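Here it is, the structure, as structure tokens.
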Amino acid sequence: MATTKKKIAVSAKKQAQSNTSMPGKSKNFATAPINESLSNKEKIDLYRTIVGIRRFEERSLRAYNQGKIGGFLHLYIGQESVAAGIVSLMGKDDHIITAYRDHGHALAVGMSMNECMAEMYGKHTGCSKGKGGSMHFFAPDKNYWGGHGIVAGQTPLGAGLAFALKYKGLKGCALTFLGDGAVNQGSFMETLNLASLWDIPVVFVIENNGYSMGTSLKRSSAAENLAHRAEGFDMEWEVCDGHDVYEVREVANRAMTRAREKHKPFLLEIRTYRYRGHSVADANHEKYRTKEEIEEYKRTKDPVNVIKRQLLDDGTLTEDEAKRIDQEKKDEAEASAKFAEDSPVAPRGEIQTDVYWEVDNDTEGNLKGRYFFND
Amino acid sequence: MPLITYREAIKQALDEEILRDENVCIMGEEVAEYNGAYKVTEGLWEKHGDKRLIDTPISEAAFSGLAIGASALGIRPVVELMFMSFSYVAIDQLFNNASFCRYMSGGLMNIPIVVRGPANGGTNVGATHSHTPENMVANHPGLKVVCPSNAYDAKGLMKAAIRDNDPVFVMENTLLYGEKWEVPEEDYIVELGVANILKEGTDLTIVSHGRCSMISLNAAKTLEEIHGVSVEVVDLRSIRPLDEETILNSVKKTHRALLVEENKPYCGVDAQISHIIQLKAFDYLDAPVHRVSAIDAPQIYAKELENWQIPNEERIIEMALKAMM
Ligand SMILES: Cc1ncc(C[n+]2csc(CCOP(=O)(O)OP(=O)(O)O)c2C)c(N)n1
Ligand SMILES: [Mg+2]
């Protein structure tokens, strides 16, 4: 069994420890109803999203190394199937929020490579006009609420989105992503309690990639099964693997359905892996983990290869089609870099817009000479 | 004197204080095994071990509060915040407990902790990672706050902060970590609350702190060479306690003041200094007190715009010339 549910602490812990060397799968998630019902086109779209994120991230890394992108760059390479799988389950009243490793989720909800790349270049054509950068992508029109730089800072906001859905009588859920390091922030633990106490339809997704910067899970959390903490809040939880998009969908679907139908929160822990350093600045990431560990994951669990293999094996995709899609995504990523390069930086006056609604909208309060800004 | 980086100077201060006092320990995210996110503590874990260099989970509220509790029993924790921006998730601990426990206990509970980490913008990382909260800290009686502008001060102020019996915030700057200055090898401290005159002058006083002092110094040279304005640059070093005397003496001499800080202007440090100048040197002023600070908005990500948002030489010179009119 690749998933555990409501196990007692000890056996759940065992399960958690077996993460890095998963034995052969006993369950085929492709045949789960939620996946069986996918059309060929939908399956290929999953592949397209996963490959798209990979190629976009590779291109942004290149731009960073060329000095075109500044600040921090947290790449999603290795984790693509998590965002792609979960976002593919989103309906019109489902919302999503995440941390600073936000590019994958952004592309999965349908944000364009152009607006994302331009944002990282700090250009006016970026999704946030160049005001937020890599860590702060936003697209409310796609129910995507960021992109947040402070560890766990987004988690109460996610509960708030869910609170609003329930308040308005909408049958949706709020997907709230966080990392394995973020679980140790007080705000997250307070939020777990609120969500359960108030029956809020929020699905917390811990993307457990084993490390928070240079600190392994073992060195940061007293108990290694993170989802198990839900027990303390009388909340449902589950742990699963993240490299197989079908598995992600099967498990997340149950959590999301339950949230939508019963207004109940859910804590999902998905084991995944990041190939690169914490950010590109973390160049010595082979000091706190071994090269073998990275290579082993790439060899056996690479999200791009896993889905591709599955689609080739079941005849959904041919090698040629797979190559063509890959090339399309490379071209799209390349074009986005050109778009970003050619785009203008916002004028200096933009520094002081988008601060106050009232000032931007020239309300009477603003016109009356009330003091909003220094100088 | 050896020429060393600001980063190295802080490391030396920590290293020497760990050796001097068995109660000094360092706590924070990635400070030990990873050698510090900005490599300030590089090599210290290897040298001093787990007891003195303590890696924490990402739980700023918990470990800041824990440090406060430990300090009550005589431990002298130096808490590293990877960015001062992250103090915001620990505000209750830092702004309620660290600042008020002494007062509320009628002086019975002392809190000798140091909270250190970079507090600066100009690094293209967006609003959540670019805070300069020295004004917020200074707004809490019971807390002390220093902003070293160079390696000599960084080492001397850090040592003074560690030996101090009150909670002291040391605001560092990632853009200064790699810069070099002369730093003596022998033990010294820079007393809290003593400003430093970086350059003497007769026509205009620039009061600044942190990296802005260095930018102001460069601007002062241009003002002198190109515009014939003789500028005195006062580097505050310490925001609370504040060296009021040095500021006032300089303004009384030059009769004009320009205040430069990277912080946002609204209720900023310089608002306080401006108040002190008008109150205590009003009759000496030949012009209103001028200010240059960050353009009043959350920190923008785009590099070109951020470089304009925070004080630069161009904006300082322009405002200095206005103050001279
Ligand atoms: C409050 C706060 N503390 C520290 C940081 C610095 N920081 C950014 S990401 C990170 C590690 C987080 O790890 P994890 O939650 O596992 O997410 P991952 O990076 O693995 O996706 C740290 C310490 C921060 N941004 N905010
Ligand atoms: Mg992680």
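Mind checking which of B:SER99, A:VAL304, A:GLY71 is farthest towards the positive end of the protein assembly as shown's charge dipole, using Cβ charges of +1 (Lys, Arg) and -1 (Asp, Glu) about the Cα centre?
Checking the options against the dipole of the protein assembly as shown, the answer is A:VAL304.
Would you mind working out the accessible area per residue for region B:3-182, using a 1.4 Å probe, and quoting it in Å²? Each step should come with its number before you reach the end.
Values: 6110 Å² over 180 residues.
With the other protein chains kept in place, region B:3-182 gives 34 Å² per residue.
Need the list of lysines near B:LYS159 for cross-linking: C-alpha distance under 18 angstrom, and skip anything on the same chain fewer than eight residues off.
B:LYS11, B:LYS144
In Å², and per residue, what accessible area does chain A have when probed at 1.4 Å with the other protein chains present?
I get 42 Å² per residue for chain A.
Right, something else. Treat every Asp and Glu Cβ in chain B as -1 and every Lys and Arg Cβ as +1, leave all other atoms uncharged, and give the resulting dipole magnitude about the Cα centre to the nearest 20 debye.
Dipole about the Cα centre, nearest 20: 520 debye.
Taking only the alpha-carbon positions of chain A and ignoring solvent, what does the Debye formula give for the base-10 log of I(q)/I(0) at q = 0.08, 0.09, 0.10, 0.14 Å⁻¹?
These q points yield log10 I(q)/I(0) values of -0.41, -0.51, -0.64, -1.24.
Using the Karplus equation 6.51 cos²θ - 1.76 cosθ + 1.60 (θ = phi - 60°), what ³J(HN,Hα) coupling, rounded to whole Hz, does each residue of region A:274-284 give in order, writing x for Gly and Pro?
Per residue, the Karplus-derived 3J(HN,Hα) values read 9, 7, 8, x, 3, 10, 5, 5, 7, 6, 9 Hz.
Net charge within 12 Å of B:PRO288 by Cβ-Cβ distance, Lys/Arg positive one each and Asp/Glu negative one each, not counting B:PRO288 itself? Spell out each step's value before the answer.
Numbers: positive: B:ARG256, B:ARG291, B:LYS322; negative: B:ASP286.
Residues close to B:PRO288 contribute a combined charge of +2.
Using the Cα centre as the reference, give the magnitude of the dipole from point charges on the C-beta atoms of chain A (Lys, Arg: +1; Asp, Glu: -1; all else neutral), rounded to the nearest 20 debye. Write down the numbers at each step before the final one.
Numbers: 52 positive and 53 negative charges, 161 e Å.
For this selection, approximately 780 debye.
In region B:3-182, what percent of the accessible surface is made up of carbon and sulfur (1.4 Å probe, ligands and nucleic acids excluded)? Write down the numbers at each step before the final one.
On the way: 3210 of 6110 Å².
Answer for region B:3-182: carbon and sulfur cover 53 percent of the accessible area.
Take the Cα radius of gyration of the protein assembly as shown and divide it by 2.2 N^0.38 Å, with N its residue count; two decimals is plenty.
Values: Rg = 27.0 Å, N = 700, 2.2 N^0.38 = 26.5 Å.
That works out to 1.02 for the protein assembly as shown.
A further question on this structure: Across the residues of A:348-355, average count of Cβ atoms on other protein chains within 10 Å? Before the final figure, lay out the partial values.
Details: counts 6, 0, 4, 12, 6, 1, 3, 3.
Partner Cβ neighbours, averaged per residue: 4.
Could you tell me how many degrees, from 0 to 90 and to the nearest 10, lie between the Cα long axis of helix B:269-280 and the main elongation axis, the longest principal axis, of the Cα atoms of chain B?
In chain B, helix B:269-280 runs at an angle near 50 degrees to the longest axis.
How large is the dipole of the protein assembly as shown about the Cα centre if only Lys and Arg carry +1 and Asp and Glu carry -1, each at its Cβ, rounded to the nearest 20 debye?
Details: 81 positive and 100 negative charges, 379 e Å.
That gives a dipole near 1820 debye.
Taking A:LYS168 as the anchor, which lysines have their alpha carbon closer than 28 Å to its alpha carbon, excluding any fewer than eight residues away along the same chain?
Straight-line reach from A:LYS168, under 28 Å: A:LYS92, A:LYS142, A:LYS262, A:LYS264.
Of the residues B:HIS255, B:HIS129, B:HIS227, which exhibits the maximal mean-square fluctuation in a Gaussian network model of chain B defined by a 10 Å Cα contact cut-off?
B:HIS227
With Cβ to Cβ distances under 14 Å as the rule, what net charge do the other residues near B:ASP21 carry (K, R +1; D, E -1)? Walk me through the numbers on the way to the answer.
Numbers: positive: B:ARG20, B:LYS51, B:ARG52, B:ARG76, B:LYS159, B:ARG163; negative: B:ASP15, B:GLU16, B:GLU17, B:GLU22, B:ASP164, B:ASP187.
Cβ neighbours under 14 Å give a net charge of 0.
Name the residue farthest towards the positive end of the dipole of the protein assembly as shown from the options B:ILE189, A:PRO140, A:GLY122, assuming +1 on Cβ of Lys and Arg, -1 on Cβ of Asp and Glu, about the Cα centre.
A:PRO140
Could you state the principal axis extents of the C-alpha atoms in region A:41-140, from the largest down, to the nearest angstrom?
37, 25, 21
Below 8 Å between Cα atoms, with a sequence gap of 6+, how large is the relative contact order for chain A in percent?
Details: 665 pairs, mean separation 83.0, N = 375.
Worked out over chain A, it gives 22 percent.
Continuing with the same structure: Using a 1.4 Å probe on protein heavy atoms only, how many Å² of accessible area do B and A hide from each other, summed over both chains and rounded to 100? Write down the numbers at each step before the final one.
Details: alone 13720 and 17120 Å², together 27800 Å².
Using a 1.4 Å probe, the pair buries roughly 3100 Å².
I would also like to ask the following. Between B:GLY74, B:GLY28, B:GLY228, where does the largest GNM mean-square fluctuation fall for chain B, given springs only between Cα atoms within less than 10 Å?
B:GLY228
Residue farthest toward the positive end of the dipole of region B:196-323, with Cβ of Lys/Arg at +1 and Asp/Glu at -1: which of B:HIS290, B:GLY268, B:GLY201?
Working it through, the farthest residue towards the positive pole turns out to be B:GLY268.
Still on this structure, I have one more. Sequence neighbours fewer than 8 away in the same chain don't count; with that in mind, list the aspartates and glutamates whose C-alpha is under 14 Å from A:LYS166.
Output for A:LYS166: A:ASP93, A:ASP94, A:ASP199, A:GLU261.
The values are calculated or read from the model by the stated rules, or taken from the named source; none is laboratory data. Since the structure is predicted, the reported quantities are computational estimates derived from the model, not experimental observations. Neighbour counts are summed over all protein chains in view; Cβ atoms, including those assigned to glycine, are modelled from backbone coordinates with ideal geometry. In case anyone asks, the SASA skips ligands and DNA or RNA and just uses the protein heavy atoms, side chains included. Shrake-Rupley method; radii C 1.70, N 1.55, O 1.52, S 1.80 Å.
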